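A short reminder: the numbers here are calculations on the coordinates, not readings from a lab. Quantities reported herein were computed from a predicted structural model and do not represent experimental measurements. Backbone-built Cβ (ideal geometry, glycine too); neighbour counts: all protein chains shown.
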Amino acid sequence: MARRQKRTTVYLDPEVVKAVKIKAALSGKSVSDLANEGLVRLLREDARDLKIFRERQKQRVSSYEDFIAKLEKSGEI
């Protein structure tokens, strides 16, 4: 079942509009399709970044001092 699309107004730089219209013509897609794909890609990237951020929040954090002491103890510095 296709999703119902919603109309919205977006203000773009004139050069971006020109480039997107050319890309749309060359790809056989509409400007709306390209905009939708780009926004979905951006949102997926944000979701991936947020997932990584949440995973890293669980990691133990060492202080700079502890890290230097560990390097000294191992003879690396």
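Counting only whole DSSP H helices of the chain, the ones at least 30 Å long by C-alpha along their axis and with mean Kyte-Doolittle hydropathy no lower than -1.0 are 31-57.
Tell me which GluC sites (Glu not before Pro) from the chain have a DSSP coil assignment and no more than 12 other beta carbons within 10 Å of their own. Numbers along the way, then the final one.
Details: sites: GLU15, GLU37, GLU45, GLU55, GLU65, GLU72, GLU76; in loops: GLU76.
Sites meeting the loop and neighbour criteria: GLU76.
Rounded to the nearest 20, the size of the Cβ-charge dipole of segment 14-74 about its Cα centre is 220 debye, with Lys and Arg at +1 and Asp and Glu at -1.
Name the trypsin sites (Lys or Arg not before Pro) in the chain that are in a loop by DSSP and that have at most 12 other C-beta atoms within 10 Å, would you?
Details: sites: ARG3, ARG4, LYS6, ARG7, LYS18, LYS21, LYS23, LYS29, ARG41, ARG44, ARG48, LYS51, ARG54, ARG56, LYS58, ARG60, LYS70, LYS73; in loops: ARG3, ARG4, LYS6, ARG7, LYS29, LYS58, ARG60.
Here the sparse-neighbourhood loop sites are ARG3, ARG4, LYS6, ARG7, LYS58, ARG60.
When the chain is described by a simple charge dipole with +1 on each Lys and Arg Cβ and -1 on each Asp and Glu Cβ, the residue from GLY28, ALA2, GLY38 located farthest towards its positive end is ALA2. Under 27 Å from the Cα of LYS18, which lysines turn up, not counting those fewer than eight places away in the same chain? Qualifying lysines at Cα under 27 Å: LYS6, LYS29.
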